[in-house]
Amino acid sequence: MADEKLYLYPIWIRIWHWLNAVFFIVLLLTGISMQYSNPDNPFLISFELSVQLHNIFGILISINYLIFIIGNLFTSNGKQYKMKTKGLFKRLYDQSVFYLFGMFKKQDPPFDISVENKFNPLQRFIYSTAMYIGFPIIIASGFALLFPEIIIPQIFGLSGILITALIHVIIGFILSLFLFIHIYVCTIGASISSNFKSMITGWH
Amino acid sequence: MKLLKLLLVCSLFLAGILVNAQEKEANKNHSCLKCHGHTTFKYMNEDFGMEIKESMCANRMIDTLAYAQSNHGMFKCTDCHSPEYETFPHPGQLRMELMYACNDCHGGDPEYAKFHFEAIEEAFYESMHYNRSPDAFTCWSCHNPHTYKTQARVGENIIETVRYDNNICLSCHADVSKYELLTERENINILQSHDWLPNQELHFKSVRCIECHTQLSDSLLVSHVVMPRDSAIRECTSCHSANSHLMASLYRYKSLESRKGGGFLNAVILNDSYVIGANRNQYLNILSVVIFGLVLIGIFTHALIRILKRK
Ligand code: HEM
């Protein structure tokens, strides 16, 4: 990694990020408690409480997401999420090869981190997909379930609520996979905890 | 040629008889429905020799179409009501007429054994409604004699069945004029008494009142023991869990049918609505566990190699 310190995470991104992390984890736990609802399982949150918490934190994470969108629209942080399609595949491939083999051979990372370019290509791609595709879908389907009267009752002979709920659950599942991988990959830094410290202090 | 003509004439004649018979069938109740099927009726005032037109009060009116399509639509009015109703004004003592109960006709009839009329009657005697007003509350209070039609047993669409069955309860619980015939108690505002239930409108559309308000019954398709309010189901998980209550009631008939057809247990719920916690598609479940497992294995091996290669 780069030797001199870089200020990569402005304060608003840090606040957004940690709120987002807390909200998302509550949503994940309550979501699982509803999907696998079982009054006899002591590890699950009670259904009634789960519904209430999930509704409240769903709204909170949506507002927080709005902050993220607005922040990225009006600051230079938004640029970090744009990528050129040309050569994208090659860049993703190079970075993956580094994670799978290169880093064990003590090679240098193929892409340098700078203030203009704080994510490596893989991060850039995955963060953009999660934030600009995954989040809008899960928020939209979540709101539809909160106000079911706006859902088309029947789609191809299936209940509209059923389809909306399936979309919501599947994207939720994918985002929770993202979360596990995300946290793990964040331990790959100068030391295991250095990336987490960066996300707290802003300095990389 | 002559033969052909003869045939033609004969068939026309036959068709005529058939149409006539059909008309008669439809008109068998005309003598009553000419008054009871309309908002107004006329009668002759013999004393003054003039025809008088009056309005028919709404709860004496009969929906002709719904009557024809109902379970008992083939009956003449006078099969259940006294033939003396042919005269107008109706004789006063007819008010005291004793009406048939369901089991006067259906009791012990093997043709209707699958409906378990006797067991339903016993259940009804246990119900809170009967015990609060034993004289006034009868089977007819819920089964409108002129419109009742079997629904749950034959209904294709669960939402339709829910609407039909709930409208039975709402005929009193959303209409004071019928409710107050049976009690002195102040009207119950059910929107208020259920304000603890989130998505109330959706629940009332996709789940029946009797799901929460009756005892489950193994032998009856439609449980008839409506319980007092303290015994009503309130736990969300009695529906929102893998062994959902609904599989034993609302979805029972259909799930038995679809299981026979080789479908899996959740087939019914899966198409008509989404009950959080009860809808679990086995295949999606297995798939998600496998994917999740692979991701975890990936992370662990990566971490392991990192530890081994450290130094
Ligand atoms: C599902 C919830 C989460 C989402 C959607 C998410 C998303 C993100 C995004 C988009 C960034 C880049 C921020 C930027 O623009 O600079 C980021 C960075 C980071 N996140 Fe998360 N995050 C989540 C949960 C977590 C959790 C629970 C932790 C740790 C406990 C964590 C630790 C970090 C760290 C250390 C960084 C900075 C390292 C880097 O640049 O990759 N995140 N996260």
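The values are calculated or read from the model by the stated rules, or taken from the named source; none is laboratory data. Please read all numbers here as calculations on a predicted model, not as lab measurements. Cβ placement follows ideal geometry from the backbone for every residue including glycine, while neighbour counts extend to all protein chains displayed.
Looking at this structure, is B:ASN166 under 19 Å from B:ARG229 (Cα atoms), in a loop (DSSP other than H, G, I, E, B) and in the same structural domain as B:PRO228 (by TED's automatic domain parsing)?
no
Assess whether A:ALA165 counts as being more than 11 Å from chain B (Cβ to nearest Cβ) and of a type in the set (Gly, Ala, Ser).
No: the conditions fail for A:ALA165.
Looking at (1) under 30 Å from A:ASP108 (Cα atoms); (2) more than 10 Å from the ligand (Cβ to nearest atom); (3) within 23 Å of the chain's Cα centre (by Cα), can you tell me which one A:LEU29 breaks?
(1) is the only condition that A:LEU29 fails.
Test of understanding: among A:PHE196, A:PHE143, A:PHE135, A:PHE178, which residue is near the ligand (Cβ under 9 Å from one of its atoms), over 30 Å from A:LYS90 (Cβ atoms) and part of a helix (DSSP H, G or I)?
Details: A:PHE143 fails: near the ligand (Cβ under 9 Å from one of its atoms); A:PHE135 fails: over 30 Å from A:LYS90 (Cβ atoms); A:PHE178 fails: over 30 Å from A:LYS90 (Cβ atoms).
Step by step, each of A:PHE196, A:PHE143, A:PHE135, A:PHE178 is checked, and only A:PHE196 is near the ligand (Cβ under 9 Å from one of its atoms), over 30 Å from A:LYS90 (Cβ atoms) and part of a helix (DSSP H, G or I).
Determine whether A:ASP94 is of a type in the set (Asp, Glu) and within 14 Å of another protein chain (Cβ to nearest Cβ).
no
Residues that are modelled with pLDDT of 70 or more: find the helices (runs of 4 or more DSSP H) completely inside region B:206-294 holding 3 or more of those.
On the way: elements: B:209-213, B:252-260, B:267-272.
By residue number, B:209-213.
Which one of the conditions (1) within 14 Å of chain B (Cβ to nearest Cβ); (2) assigned to a helix (DSSP H, G or I); (3) surrounded by 16 or more Cβ atoms within 10 Å (Cβ to Cβ) does A:GLN52 fail to meet, given that it meets all the rest?
For A:GLN52, the failing item is (3).
Could you say whether any residue in region A:152-171 is within 13 Å of the ligand (Cβ to nearest atom) and in contact (Cβ under 8 Å) with a residue 60 or more places away in the chain?
Among the residues of region A:152-171, not one is within 13 Å of the ligand (Cβ to nearest atom) and in contact (Cβ under 8 Å) with a residue 60 or more places away in the chain, which makes the answer no.
A:GLY58 fails exactly one of the following numbered conditions: (1) at pLDDT below 95; (2) within 14 Å of another protein chain (Cβ to nearest Cβ); (3) touching a helix residue (DSSP H, G or I) at 6+ places or on another chain (Cβ under 7 Å). What is the number of that condition?
Among (1) at pLDDT below 95; (2) within 14 Å of another protein chain (Cβ to nearest Cβ); (3) touching a helix residue (DSSP H, G or I) at 6+ places or on another chain (Cβ under 7 Å), the lone unmet condition for A:GLY58 is (1).
Could you tell me how many of the residues in region A:68-122 are of a type in the set (Val, Ile, Thr) and modelled with pLDDT under 90?
So the count comes out to 3.
May I ask you to verify whether A:GLY189 is within 12 Å of the ligand (Cβ to nearest atom) and modelled with pLDDT under 90?
Judged against the criteria, A:GLY189 is a match.
Just checking, does region B:208-216 include any residue being of a type outside the set (D, E, K, R) and in contact with a strand residue (DSSP E or B) (Cβ under 6 Å, 6 or more places away or on another chain)?
yes
If I filter region A:65-85 for residues that are in a loop (DSSP other than H, G, I, E, B), farther than 20 Å from A:HIS17 by Cβ and out of contact with any Pro (no Cβ under 8 Å at 6 or more places or on another chain), do I get at least one hit?
Here is the first cut: in region A:65-85, the residues in a loop (DSSP other than H, G, I, E, B) are A:75, A:82-85.
Among the residues that remain, those that are also farther than 20 Å from A:HIS17 by Cβ are: A:83-85.
When the remaining residues are screened for being out of contact with any Pro (no Cβ under 8 Å at 6 or more places or on another chain), the result is A:84-85.
Yes; the residues of region A:65-85 include at least one that is in a loop (DSSP other than H, G, I, E, B), farther than 20 Å from A:HIS17 by Cβ and out of contact with any Pro (no Cβ under 8 Å at 6 or more places or on another chain).
Which of the numbered conditions does B:ASP175 fail, given that it passes all the others? Conditions: (1) in contact with a His (Cβ under 7 Å, 6 or more places away or on another chain); (2) surrounded by fewer than 16 Cβ atoms within 10 Å (Cβ to Cβ).
(1)
Given the criteria more than 14 Å from the ligand (Cβ to nearest atom), surrounded by fewer than 15 Cβ atoms within 10 Å (Cβ to Cβ), within 14 Å of another protein chain (Cβ to nearest Cβ) and acidic (Asp, Glu), does A:ASP108 qualify? First the steps, then the outcome.
On the way: more than 14 Å from the ligand (Cβ to nearest atom): yes; surrounded by fewer than 15 Cβ atoms within 10 Å (Cβ to Cβ): yes; within 14 Å of another protein chain (Cβ to nearest Cβ): no; acidic (Asp, Glu): yes.
When the stated conditions are applied, A:ASP108 does not pass them.
Tally time: how many residues in region B:196-226 are more than 14 Å from chain A (Cβ to nearest Cβ) and loosely packed, with under 14 Cβ neighbours inside 10 Å?
Qualifying residue count, region B:196-226: 2.
Among the residues of region B:123-159, count how many are among the charged types (D, E, K, R) and exposed (fewer than 13 other Cβ atoms within 10 Å of the Cβ).
Looking only at that region, the number is 3.
Filter region A:1-49 down to residues that are in contact with a helix residue (DSSP H, G or I) (Cβ under 7 Å, 6 or more places away or on another chain) and not in a loop (DSSP other than H, G, I, E, B), then give me how many there are.
Number of matching residues: 19.
Considering only residues that are charged (D, E, K, R), over 23 Å from B:LYS149 (Cα atoms) and either modelled with pLDDT of 90 or more or in contact with a strand residue (DSSP E or B) (Cβ under 8 Å, 6 or more places away or on another chain) (or both), which ones fall in region B:35-80? Can you show your working first?
We begin by selecting, within region B:35-80, every residue charged (D, E, K, R); these are B:42, B:46-47, B:51, B:53-54, B:60, B:63, B:76, B:79.
Still in the running and over 23 Å from B:LYS149 (Cα atoms): B:42, B:46-47, B:51, B:53-54.
Result: B:LYS42, B:GLU51, B:LYS53, B:GLU54.
Evaluate region B:67-90: report whether one residue or more is touching a residue at least 24 places away in the same chain (Cβ under 8 Å), of a type in the set (D, E, K, R), surrounded by 12 or more Cβ atoms within 10 Å (Cβ to Cβ) and under 27 Å from B:VAL226 (Cα atoms).
Looking through region B:67-90, none of the residues is touching a residue at least 24 places away in the same chain (Cβ under 8 Å), of a type in the set (D, E, K, R), surrounded by 12 or more Cβ atoms within 10 Å (Cβ to Cβ) and under 27 Å from B:VAL226 (Cα atoms).
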